[in-house]
1. May I ask you to compute the full-extension gain from E17 to R91, defined as 0.36 nm times their residue separation minus their alpha-carbon distance, rounded to one decimal in nm?
2. Go through the range 10-18 residue by residue and turn each phi into a ³J(HN,Hα) via Karplus (6.51, -1.76, 1.60, θ = phi - 60°); whole Hz please, and just put x for glycine and proline.
3. How would the range 51-94 be classified by its alpha-carbon gyration tensor: rounded, prolate or oblate, with rounded meaning a/c under 1.5 and the a/b versus b/c comparison settling the rest?
4. Once label points are set 7 Å from the Cα along Cα→Cβ at both D72 and F56, what is their separation, rounded to one decimal in nm?
5. Mind putting a number on the dipole of the chain about its Cα centre? Charges go on the C-beta only, +1 for Lys and Arg and -1 for Asp and Glu, and I need it in Debye to the nearest 20.
6. When the Karplus curve 6.51 cos²θ - 1.76 cosθ + 1.60 is applied with θ = phi - 60°, which whole-Hz ³J(HN,Hα) does each residue of the range 56-70 get, with x for Gly and Pro?
7. State in Å² the accessible area per residue of the chain; use a 1.4 Å probe, count heavy atoms of protein chains only, and round to the nearest integer.
8. Check which residues have an amide H placed less than 5 Å from K53's amide H, if you skip close sequence neighbours.
Amino acid sequence: MTSHFAAMDARIAFSDERSTKADLFRGTGLFAGLTCFEPGQSQPIHSHGGADKFYFVVSGKARMTVGEETSDAEAGTVVWAPAGVPHGVVRALERTVMLVAMGPPPGSGTAGGP
């Protein structure tokens, strides 16, 4: 495996205490990682002032909010959160794995927020 390829299955991990995160890639213009939720876990509503973000639900099902819209997202669903729009995971309804990507990456000085 090189730095250009990542096996997602090897990075999936769960915790009873809180959701878990695993970085897959971090470049100057894009971040990609996994977030894993046990049923009942959540991600607080937040926004990124200078970064667009998407979630791809790999497995499971979660109730998510983007702006004023809340919907249940299940495996195969892509959720788009444009820069500056509040978003988050209200509640995981099942054990859920999400691929998350954001550009520019958090901590790059332009992405803002968590």
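1. Working: separation 74, 0.36 × 74 = 26.64 nm, distance 1.41 nm.
Gain on stretching E17 to R91: 25.2 nm.
2. Going residue by residue, I get 6, 9, 6, 8, 10, 9, 5, 6, 6 Hz, with x marking Gly and Pro.
3. Values: a/c = 2.53, a/b = 1.51, b/c = 1.67.
Oblate, since a/c reaches 1.5 and b/c is not below a/b.
4. 2.4
5. Working: 9 positive and 11 negative charges, 42 e Å.
Dipole magnitude for the chain comes out near 200 debye.
6. Each residue of the range 56-70 in turn: 10, 7, 6, 8, x, 7, 9, 8, 10, 10, 9, x, 8, 9, 10 Hz.
7. Details: 6210 Å² over 114 residues.
Ligands and nucleic acids excluded, the figure is 54 Å² per residue.
8. So K53 has HN proximity to A81, A83.
The values are calculated or read from the model by the stated rules, or taken from the named source; none is laboratory data. Values in this document were obtained by computation on a predicted structure and should not be read as measured data. Don't worry about glycine lacking a Cβ; one is built from the backbone with ideal geometry, like all the others, and counts go over all protein chains shown. What goes into the accessible areas is simple: the full protein's heavy atoms, side chains included, and nothing from ligands, DNA or RNA. Shrake-Rupley method; radii C 1.70, N 1.55, O 1.52, S 1.80 Å.
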